[in-house]
Amino acid sequence: MIATLHSFRIEVEAIEQPLDNDVPENLIMQAIYLAAPQVENARRSLNTTNGMRKALKEGRWVSTAPIGYKNTRDALNKPILVKSEIAHLIKKSFEQFATGIYQIDVLKRQINNEGLKISKNRFWGILRDPIYCGKIKIKAFKNEPEEIVNALHEPIIRKDFLEKCKTS
């Protein structure tokens with residue numbers, strides 16, 4: 001990139017560590033100055049990913065709360081999910097869909113009328129998500145396989161409702 005900028009007669013200058021660009025050996029220092037922040041950002045990204053995966057494996061949800069839950073903090077100031085004011089609509093959705101009586105479109109329309117305004121695809125995704133029965137699905141990463149762990153938050157539904165909804 002620096003060579004490209006030079007071809008346009010643009011000189012790259014470091015404010016805190018100025019280098020004489022006419023001395024070829026200074027290219028080594030310039031490379032170090034440019035690479036160090038990139039390495040630091042890559043390390044920070046890796047640490048963040050590892051920290052989030054560790055929290056997930058401990059049963060903590062580390063992202064935006066799914067519909068029916070809200071994000072909060074426990075006594076140790078660690079993230080945890082608690083049921084929101086619409087959790088009862090999520091529970092009702094699972095219970096009714098698990099009966100096998102309701103078609104997904106009819107049930108979604110009924111639940112939408114009661115206050116849970118979501119799309120058909122999102123509704124379908126909820127009815128298959130293990131988060132609602134107190135489980136967290138951790139995606140595969142590098143050499144680690146996908147896994148499902150017990151969550152620390154209180155489930156909205158029983159596991160058997162999830163299983164019935166997945167097979168419907």
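Only the coordinates and a few stated rules stand behind these numbers; no lab work does. This structure is a prediction, so every number in the text was calculated from the model and none was measured. Cβ placement follows ideal geometry from the backbone for every residue including glycine, while neighbour counts extend to all protein chains displayed.
Report the extension gain between His88 and Val12 in nm, rounded to one decimal, defined as 0.36 nm multiplied by the number of residues separating them, less their alpha carbon distance. Mind showing how you got there, number by number?
Numbers: separation 76, 0.36 × 76 = 27.36 nm, distance 6.02 nm.
Between His88 and Val12, full extension yields 21.3 nm more.
On full extension of the chain, what length is gained from Thr72 through Gln30, given 0.36 nm per residue of separation minus the C-alpha to C-alpha distance? Intermediate results must be reported in sequence, preceding the final value.
Working: separation 42, 0.36 × 42 = 15.12 nm, distance 4.53 nm.
In short, 10.6 nm is gained.
If each of Glu40 and Lys159 carries a label point 7 Å out from its Cα toward its Cβ, how far apart are those two points in nm?
With each label placed 7 Å out from Cα toward Cβ, I get 4.7 nm.
Under a plain spin-label model, where a point goes 7 Å from the Cα along Cα-to-Cβ, how far apart in nm are Lys139 and Leu19?
Placing both labels 7 Å beyond Cα along the Cβ direction yields 3.7 nm.
Under 17 Å Cα-Cα from Lys70, which aspartates and glutamates qualify once same-chain neighbours fewer than 8 residues away are excluded?
The reachable aspartates and glutamates, counting only those whose Cα sits under 17 Å from Lys70, are Glu85, Asp129, Glu154.
Given a cut-off of 28 Å, name the pairs among Lys78/Lys117; Lys78/Lys166; Lys117/Lys142; Lys83/Lys108; Lys78/Lys159; Lys83/Lys142 whose C-alpha atoms lie farther apart than that in the structure shown.
Lys78/Lys117; Lys78/Lys166; Lys117/Lys142; Lys83/Lys142
Using 0.36 nm times the number of residues separating Glu146 and Thr99, minus their current alpha carbon distance, what extension gain do you get?
Values: separation 47, 0.36 × 47 = 16.92 nm, distance 2.97 nm.
Computed gain between Glu146 and Thr99 is 14.0 nm.
Assign unit charges at the C-beta atoms only (+1 for Lys and Arg, -1 for Asp and Glu), then state the dipole size of region 58-167 relative to its Cα centre in Debye, rounded to the nearest 20. Before the final figure, lay out each step's value.
Numbers: 21 positive and 13 negative charges, 49 e Å.
That gives a dipole near 240 debye.
Build a GNM of the chain with springs between Cα atoms under 10 Å: which of Ile136, Ile126, Ile15 gets the top mean-square fluctuation?
The residue that fluctuates most here is Ile15.
Residue by residue through region 108-118, what is 3J(HN,Hα) from phi via Karplus (6.51 cos²θ - 1.76 cosθ + 1.60, θ = phi - 60°)? Round to whole Hz and write x for glycine and proline.
Going residue by residue, I get 4, 4, 4, 5, 4, 5, 8, x, 9, 8, 9 Hz, with x marking Gly and Pro.
Quick one: net charge of Lys70's neighbours, Cβ under 9 Å, K/R +1, D/E -1? All intermediate terms of the calculation are to be shown ahead of the outcome.
Working: positive: Lys83; negative: Glu85.
Around Lys70, the surrounding residues sum to 0.
Out of Ala3, Leu27, Thr49, whose Cα points farthest toward the positive end of the dipole of region 2-54 (charges: +1 Lys, Arg; -1 Asp, Glu; placed on Cβ)?
Thr49
For the chain, would you read off the P(r) tail past 29 Å as a percentage of all alpha carbon pairs? Walk me through the numbers before you get to the answer.
Working: 6447 of 14028 pairs.
I get 46 percent for the Cα pairs in the chain exceeding 29 Å.
Long-range amide H contacts for His153: which residues qualify at under 5 Å (H placed 1.01 Å from N, peptide plane, sequence gap of 5 or more or a different chain)?
Answer set, sorted by chain and number: Leu81.
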